[in-house]
Amino acid sequence: MKNTYKVFVYGTLREHESNHHFLNGAVCLAKQCWTHGILFDTGLGYPAMITDKVKVIYGELYEINEMILKKLDWLEGFEAEGVDNEYERITQTIFTDHHSEQAIVYSYLHKKVENLPIINCGDWKRHLHTNTSKLLYFAYGSCMDNERFKLGKVDHLFKNIVGCGHATNFSLAYTVHFQDGSRADMIEADDIVEGKVYEINQEALHYLYEREGVMANIYRPAFINVEINGVLHKNVLTFLVVNKKEEAAPPEHYSNEILRGAKGFVSSGYYRKLENKLLTLKQE
């Protein structure tokens, strides 16, 4: 039996990034996962990380064979243990939406990052892709509802609706708890979530950061694949819950916002699925 390894990637090896081709033939185990560490911008077009007990780095988990591992060693400048490598090959715990497991991570030496700027968000994709003048945003919860935008006097920022998006390999869940009930989230699963795709600018992005509690670490910006009318759009912005809990029923007003925003826009089958899930949670 051929040897296989699990590796966590957090920079240019991630999907749609410049060195992802080194993972051709690998099996993706999770695209929304994290580990403990601190991320730095080398200024050379790629990040570096060091281990840490508190801070978090986001990335992707793959299963690879020995041939791919050798390619990654070459890319990361790892020759062998005890050698002055560019990156060290270490093993640490990776956390997914469903479980945790051990995997290889390529880590910089602490002394090499002394003068490098920290990427405080811990996400290379967010660091790269949130500073553009326009970006696509996938809304799957209450942000499908234009009435909320009107109440906040920001509806003019969300006029450009690109279409109904399909986020594959996700399922809708209600995993963040407030005093009045839960709020929507997406977790990795063999399913599809439908939602509205907007083209937004930086002003809209700042509004979403505040609304989603990004600074409070409630939701985090994430970049996913979304299909619109059969066309794949890469690195589409959405927001995912940071600290996921067991599902609970959302409050009535929040359920109404989701259904109001989705009605007549998502497919009829998906709309029924939304209704049934909200009803089931309410009855539990």
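The values are calculated or read from the model by the stated rules, or taken from the named source; none is laboratory data. Just so it is clear, the model here is predicted, and its values are computed rather than measured. Neighbour counts run over all protein chains shown; Cβ positions are idealised from the backbone, glycine included. All accessible areas refer to the heavy atoms of the entire protein, side chains included, with ligands and DNA or RNA removed. Shrake-Rupley method; radii C 1.70, N 1.55, O 1.52, S 1.80 Å.
If the condition is being aromatic (Phe, Trp, Tyr) and either open to solvent by less than 10 Å² (accessible area, probe 1.4 Å) or modelled with pLDDT under 95 (or both), then the range 183-215 contributes only 198.
Conditions (1) hydroxyl-bearing (Ser, Thr, Tyr); (2) crowded, with 20+ Cβ neighbours inside 10 Å; (3) touching a residue at least 40 places away in the same chain (Cβ under 8 Å), marked per residue:
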{"position": "223", "(1), (2), (3)": "no, yes, yes"}
{"position": "229", "(1), (2), (3)": "no, no, yes"}
{"position": "246", "(1), (2), (3)": "no, no, yes"}
{"position": "251", "(1), (2), (3)": "no, no, yes"}
{"position": "254", "(1), (2), (3)": "yes, yes, yes"}
{"position": "263", "(1), (2), (3)": "no, no, no"}
{"position": "268", "(1), (2), (3)": "yes, no, no"}
{"position": "283", "(1), (2), (3)": "no, no, no"}
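Within the span defined as the range 83-94, one or more residues are in a strand (DSSP E or B) and of a type in the set (Lys, Arg).
Residues considered: 68, 94, 119. Of these, the only one that is within 27 Å of residue 200 (Cα to Cα), aliphatic (A, V, I, L, M) and buried (at least 19 other Cβ atoms within 10 Å of the Cβ) is 119.
Specify the residue that is farthest from residue 188 (Cα to Cα); the eligible residues are those in the range 16-47 that are open to solvent by less than 40 Å² (accessible area, probe 1.4 Å) and outside any strand (DSSP E or B). It comes out as 42.
If the condition is being closer than 19 Å to residue 12 by Cβ and not hydrophobic (A, V, I, L, M, F, W, C), then the range 53-70 contributes 58, 59, 60, 62, 70.
Considering the range 107-138, the residues that are in a helix (DSSP H, G or I) and of a type in the set (Lys, Arg) include one that is nearest to residue 12 (Cα to Cα), namely 125.
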